[in-house]
Every structure is written in C-alpha cells, then in structure tokens.
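Asker: Here it is, the structure, as structure tokens.
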Amino acid sequence: MSRGLCRKVGIFMFKVFETTLAGRPLVVETGKMAQLANGSCLVRYGDTVVMAAATASAKPREGVDFFPLSVDYEEKLYSVGKIPGSFIKREGKPSEAAILASRCIDRPMRPLFPKDLRNDVSIVTTVMSVEQDNSPEIAAMVGAATAVAISDIPFNGPVASVFVGLIDGEPVINPTVAQREQSTLELTLSATMDKVVMIEAGAKEVPEDLMLKAIFAGHEACKELCKFIQSIADEIGKKEKIQYTPVVVAEDVYEATKEAVIDRIKWALDTDDKNVRDEQLAVVIEEAHAKLDEQFEGRETEIDDAIYKLQKYVVRRWILDEGKRVDGRNLNQIRPLAAEVGILPRTHGSGMFTRGQTQVLTVATLGSISETQILDGIDVEESKRYMHHYNFPSYSVGETRPSRGPGRREIGHGALAERALVPVIPSVEEFPYAIRLVSEVLSSNGSTSQGSICGSTLALMDAGVPIKEPVAGISVGLVTEEDRFVTMLDIQGLEDFFGDMDFKVGGTKNGITAIQVDIKIDGLTPEIIKEAFEKTKQARHYILDEVMLKAIPEVRPSVSKYAPKIIQFKIDVEKIREVIGPGGKVIQKIIADTGVKIDIEEDGSVFISTPDDEAGKAALDIIKGIVAEPEVGMIYKGKVTKIMDFGAFVEFLPGKEGLVHISKLDNKRVEKVTDIVTEGDEIMVKLVEIDRQGRMNLSRKDALAPSEQE
C-alpha cells in the first residue's frame, strides 16, 4: 500500500491512495469530487472508474421506525462507449444487472449500520468508465465502503468485497474476462476483518469443499482490502460521527408487558399454521392493550414495540435453549413436501412445489431463438437465451396491496433461481430454444426463492427440456448468542424475521449451483458456513430423491404439442445472403409460403420454428435447395418456368435454372415442346452438364423411370 499525490484543489484537499488487487492497480482518490456529500471517493481499478458518494439526513423523518437505507449502482452507457438504444437516448430505469449490483452493495453493508439509526442514508455509485477485465461492481463496492468509512455516518466497518473464480480447482481473485470463461464459479464475497458478511454465487456444480476453499481465499483478499480502507479512514476520515437517539423499549413498559402476556405470546406462537398464529397474536395484542393502556397512557406504541421484542425473545430462546421451533419441528426437520407437474394443460411445461405453507408454481415457455433477450448494458454479455422471472403477489402473504411490477427483491430472487439452473440448461446446439420460466409464488411462509428453484426444475422436466441434472434448493437459518450459535434447516418466515441469517443454497447431487446469503449480524464464522453447507447438501439430496424425482422421474421424451418445433441446421456463411435475398425478398417468400418462423445467425446457424412438422420440412427443403450446389448426375424435381421452341427452362433448385433441350424431353422424337410439358408442370430432370459459361443442361429423358423409358 502506498500514498501518492496530496495537493489542494480549490477549497478541498485532494489525496490519492494506492494498492493492488489481484495484481492490478487499485487507486482511491478523495477530496476532489462530490465534496458536499458526507463521504465520497473516486475509485480507479485499472481503467475502470467509479464514483461513490454517501449522504445522510441531518435528522430522522417523523414516524420512521426502520433504518431507511437506499443503495444505487448507476450504469452509464458512456462508460463503454455506447449511446442508449431507447427513443429518448438517455439512461432510464436501472437494468436487472444494475439492480443486482445494488443489492450486492446493500446486503453486506446494511447489517453494519446501527440497527436503531433512523436517519436517511443514501449510497450512490456511478460507473463512469469500464475496462471489462476490472469489474466495475467490485470498484463500486470498494467505493461505497470507503465513502461511508471516511464519512461521519456511524458504521461498524470497514467491509470489502471481491469476486472469486475457480480454475482447475484453484481460487482466482477478480478473474479477467478470459479467466471467467474458464471458471466454474462466479462468487461475490464480502467480509470484514473477522467475518464473512455476504455470499452470492453461481457455480457449475462445485462441491462443498471447493466452495469453502474459494470463500476462505476470498476472505483473505477482503482482509487486505479492509486494511487499505481502514488506513484511508484513519488518515482522512471524519472522527466525529452523527449523533442519534438510540431506539429502545423503555424498561418499565417491557417488564410490565412481559409479566402481562409472555405466556399468551408463547401460546400464540406455538403453531405450524401462519394464519392461526397471526389470529392468535392479534388476540394477545388486544389483551395487552386492554391491560396496560391505562397504566401507560400516551405510550401505547411502546407496548407494541415490547410485544414485538417479546416475540423475538420467545422464538430465539426456544431455539437456543430447547432446540424447539415455533411449528414443533426439530432443528434439522424439513416441513411437509409435495411436488406436481403438468398442472396447466396448454402451457409448454408446469411444476408446483410445496414446502409447508410455501408454495410456488413455475411455468415454462419455449420459443424461437429470435426471442432471446437482448441486453443493453455495460457488461460483456449482450443477450441471454434462458430467462427466469419471479412474482410475489400480495395474496401470497394474505395482504391486500396493488401489484406495481417487480421490485428489487423479486428481481433478486428471480436472478438467484436463474443462476441455480443455468449450469444444467442444455446448449443451443443440444436444444435450440429460447427458454423462459416464470415462478408464481402462491403462498409464502419462508424460502420462496428455493421453492422456485425446485418448481422450475419440475417445469423444465415437464416441458421436455433435457437438463443435465435436476436442481433443488433449501435454506438454513441461524440464531446466535455471543460465541454460541444454532442453525436450523428450512426456515419459515418467523424464523427468518427473528433470526440472524438466511443461507440459501441451490444445487444438484454433484455440487452447488447457486448461493445467496443474507445476514442481520456482523458476520459469519467458518464454522457456521461449514455447518450450513453440510445441512443443505443432505437436504437437497432428500428433496430430489423423496419428492421431486417421484413426481417426474425423468425429462419428458419430447416437448409439448403446443410448443413450437424447431429444426436446426447450418449453412455456409457465404450462402446467407442467398437465403435472405435482396431486401429480404427470398426469406420473406419462404415464410409466407410455409407459415414458419426463420432465424439465421451470423455463423450460418438456421432455426426453423413452427408447430406444423410438414411446414417445417417444406421450409427446410427450400433452404437446403437454395444453398445446395448443383451436382452433375443428380436427379431433381423441378418446375417448368418457360417454354421455348428449342426446349423448356426448368427451375430445379431454388434460384437455379437449366435448359431441357427438346431432344432431351422424351425417349422418342418430340415435335413440339408443349406435347410433353407446359409452363408450371413439375417434372423430374437430371443435371447432365454444366458448361464453361456455367449454363446447366438438364435431361428429362435420363430421369425417366425404367417403365417410362420403354
């Protein structure tokens, strides 16, 4: 680590801090830009440049009873030399990739702010220049952590983030584009000096031991970055932090509420039915107010806060002290499971997965390759053929609110399920379809994202998609107390709400395909991570064998009769223009005549999509005829296009015409061409010669069947 330039710019002091990350220069500049923010910096990682700014309101908004943190990762297309493709020609709403990057900044940082801070805090990272080998997401994470660390915003950091790849079983920190193509792992890891605070991963069936190896290697790299960020904060960080009023339940209200209703709270929580629990809690809350409102007149909201705190106390004490859960399960017991396929008769594939009161229906749709999603972002990925969308309607949790489209949570859960299944999706050569999955959450009581992974596997198998392996997902929860911890398998909503961790793992029997870890504490120890991996591995195998593969033991042998049938083949790239024709005239005629859909890619790959097998075959024959090279000695079926005194012109391949001389029309003397053929007739002809001028001479006589030649 070294410090470089230090000079005054206007009224500000400009300082530069330098280190290396994965062998490449990482530079943090402060004191030059965005100096009205509470903290700001410019991060240069190679030629990737990201501005980060953190601001906080002077005081809380009235009535806010949560920590209002907002994190934005802003992609600017000028960073990669692009002009936006929209009509307006400016960046609009964030892409899904930008939303996912925002979540990866938010999730490791949020637990490190004081839980009772009520000031609005905003973190904005703006991508200004991108060198694809040096990730702008990592630069943004470093920038966000540094901006907060040097600000006057209270924060229990520093925290750092890295990408980790896995090549030949060895971890690679912040892999380049070329290394990413070889890697079997895409891991985003965030950590403090002591603990891991976030894991986000997509993997190609990576075994648990290799995943642990990658996580620990990433943590070591994060430690070095934390030292670097801390050194910046020590030198230029604001020492006086924002003062705020801690939010605590008054001791007298808490003790009185505990004495009045603690047993009733235990009664209300002790059920495996979320609806019953909510109804019983409503009764308890009413009883508490009836007993205590007069005693604490004007402090009624404190009674509600005390009841919330007591619910958390009961749930955690049961788990820590008795190994008991609110629904009566033991710590490693999965809720009742069910799986069903083929529920929707006209869709291409459907699967429903139920775990307790969590239920997800996933529907698969197959389309032509032209329906691949085009991505207009700053990443190297320009399109994706497999898409996964996740919907979480209000009725799934028994609430009434209007649907306003997917939020960040829905986009994040859909991306997690998509990432879990990407490694098992067949290549376009094996299965030439665009694939869209939609997971509809019908009922939610915890782990809907993992339910969507299971439901999606069922839907793909029902749709006849030849996936390489079935994938299942499960989550592990956590309750901690000082150095003690307890993990529990398959957490429901209340355990997620009052617990410390939601550790979600998707994978096959061969290994992990996706991880997403959310925590509410200051981090996870290696022991917690190891235990979570072991529990999720056993649970995945159980779910696959005992539930999913009993519902559908293997992939359907063919796609649905309602799905398009796709014929895939390749032509010489030099022939593409002949198939398309001037102004698209040729291909448009083929489509009009046969009713099929045709996609041609730059490498010569041709995809014919149609629900009608005969129409597909007809289009295939036409295209093959267009690209075929006429071969002397071959017999073709042709169409008479023009009659002359000396013979007939016949189109025997699309766009290829030859002459059948009158002497070659029949095996006997022909007086008039029209005695044998007329314009529009279809006849069999043999290509007997291609002369020096490229003219093709045909013979009907030589193509006649033996019986016709007598």
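Asker: Quick check on the stretch 552-710: what does the Kirkwood estimate of hydrodynamic radius come out to from the alpha carbon pairs, in Å?
Answerer: 17.8
Asker: Quick one: go through the stretch 345-376 and flag any residue whose amide nitrogen is under 20 Å from the point 7 Å out along the Cα-to-Cβ line of Asn275.
Answerer: Residues 353-361 qualify, since their backbone N sits under 20 Å from the label point.
Asker: Dividing the alpha-carbon radius of gyration of the stretch 111-158 by 2.2 N^0.38 Å (N being the number of residues), what value is obtained?
Answerer: Cα-based Rg divided by the globular estimate yields 1.34.
Asker: Scale the Cα Rg of the stretch 357-459 by the rule-of-thumb value 2.2 N^0.38 Å and send over the ratio, two decimals.
Answerer: With N residues counted in the stretch 357-459, Rg over 2.2 N^0.38 Å equals 1.13.
Asker: Please state, rounded to one decimal and in Å, the Kirkwood hydrodynamic radius that the stretch 253-322 gives when every pair of distinct Cα atoms enters the mean of 1/r.
Answerer: Computed over Cα pairs of the stretch 253-322, the Kirkwood hydrodynamic radius comes out at 12.3 Å.
Asker: Cα centroid distance between the stretch 36-97 and the stretch 603-619, in Å?
Answerer: 46
Asker: Which Cα, out of Ser444, Pro393, Leu375, lies furthest along the positive dipole direction of the chain (beta carbon charges, K/R +1, D/E -1)?
Answerer: With unit charges placed on the Cβ atoms, the residue in question is Leu375.
Asker: For the stretch 367-422 and the stretch 469-526, write down the distance between their C-alpha centroids in whole Å.
Answerer: 22
Asker: Then there is this: Quick check: Cα centre of the stretch 542-560 to Cα centre of the stretch 251-302, how many Å?
Answerer: Here the two parts' Cα centres lie 46 Å apart.
Asker: Could you compute Rg(Cα) / (2.2 N^0.38 Å) for the stretch 443-500, with N its residue count?
Answerer: Ratio of Rg to 2.2 N^0.38 Å for the stretch 443-500: 1.49.
Asker: Also, quick follow-up: So, by mean Cβ neighbours within 10 angstrom, what's the order for 675-685, 539-549 with the highest one leading?
Answerer: Going from most to least packed, we get 539-549, 675-685.
Asker: Going by average Cβ neighbours within 10 Å, how do the peptides 579-585, 510-516 rank, with the highest at the top?
Answerer: 510-516, 579-585
Asker: Label the stretch 635-709 by shape, choosing from rounded, prolate and oblate, from the square roots a ≥ b ≥ c of the eigenvalues of the Cα gyration tensor; if a/c is under 1.5 it is rounded, and otherwise prolate applies when a/b is larger than b/c, oblate when it is not.
Answerer: Taking the square roots of the gyration eigenvalues as a ≥ b ≥ c, the stretch 635-709 is rounded.
Asker: Averaged over all directions, how much area does the convex hull of the C-alpha atoms of the stretch 23-162 cover when projected, in nm²?
Answerer: 9.4
Asker: In debye, nearest 20, what is the charge dipole magnitude of the stretch 565-627 about its Cα centre with +1 on Lys and Arg Cβ and -1 on Asp and Glu Cβ, if you could check?
Answerer: That gives a dipole near 140 debye.
Asker: Have a look at the stretch 570-661 and give its Rg and Dmax from the Cα atoms, expressed in angstrom.
Answerer: Calculated on Cα positions, Rg and Dmax stand at 14.5, 45 Å.
Asker: Would you mind putting 14-24, 649-659, 239-249 in packing order, based on average other-beta-carbon counts within 10 Å, highest first?
Answerer: Top of the packing list down: 649-659, 14-24, 239-249.
Asker: For the chain, calculate the relative contact order in percent as a whole number, restricting contacts to Cα pairs under 8 Å that are 6 or more residues apart.
Answerer: In percent, rounded to a whole number, it is 9.
Asker: Give the residues of the stretch 155-195 whose amide nitrogen is closer than 17 Å to a point set 7 Å from the Cα of Ser231 in the direction of its Cβ.
Answerer: 158-161, 193
Asker: Right, next: Hey, if you put +1 on the Cβ of every Lys and Arg and -1 on every Asp and Glu Cβ in the stretch 519-603, which of Gly581, Ile519, Val559 ends up farthest toward the positive end of that dipole?
Answerer: Toward the positive end, the furthest listed residue is Val559.
Asker: Asp593 to Lys668: extension gain in nm, 0.36 nm per residue of separation minus the Cα-Cα distance?
Answerer: Between Asp593 and Lys668, full extension yields an extra 23.3 nm.
Asker: Need one number: % antiparallel among DSSP beta bridges in the stretch 420-540, to the nearest 5.
Answerer: 100
Asker: While we're here: Considering the dipole of the chain built from charges on the beta carbon (Lys and Arg +1, Asp and Glu -1) around the Cα centre, which of Phe163, Thr358, Leu320 is farthest to its positive end?
Answerer: Going by the charge dipole, the pick is Phe163.
Asker: Taking each full run of DSSP H in the chain as one helix, which ones are at least 18 Å long along their axis (Cα atoms) and have mean Kyte-Doolittle hydropathy of at least 0.0?
Answerer: Within the chain the helices that satisfy the rule are 96-109, 136-149, 208-236, 448-462, 613-627.
Asker: Subtract the Cα-Cα distance of Tyr244 and Asp603 from 0.36 nm times their separation in residues, and report this length gain in nm to one decimal.
Answerer: Value of the extension gain: 123.0 nm.
Asker: Mind putting a number on the dipole of the chain about its Cα centre? Charges go on the C-beta only, +1 for Lys and Arg and -1 for Asp and Glu, and I need it in Debye to the nearest 20.
Answerer: The calculation lands at about 1360 debye.
Asker: Hey, another quick one. When the dipole is taken about the Cα centre of the stretch 33-135, and only Lys, Arg (+1) and Asp, Glu (-1) are charged at their Cβ, what size is it in debye, to the nearest 20?
Answerer: 160
Asker: Once label points are set 7 Å from the Cα along Cα→Cβ at both Asp47 and Asp304, what is their separation, rounded to one decimal in nm?
Answerer: Inter-label distance under the simple model: 5.6 nm.
Asker: Report the calculated FRET efficiency for Lys223 and Lys570 (r = Cβ-Cβ distance, R0 = 60 Å), to the nearest 0.05.
Answerer: It comes to 0.75.
Asker: Do me a favour and compute the ellipsoid semi-axes for the stretch 488-623 from its Cα gyration tensor, root of five times each eigenvalue, largest one first, whole Å.
Answerer: So the three semi-axes of the stretch 488-623 are 52, 19, 14 Å.
Values in this text are rule-based calculations from the coordinates and carry no lab data. In this text, all values refer to a predicted model and were calculated from it rather than measured experimentally. Neighbour counts run over all protein chains shown; Cβ positions are idealised from the backbone, glycine included.
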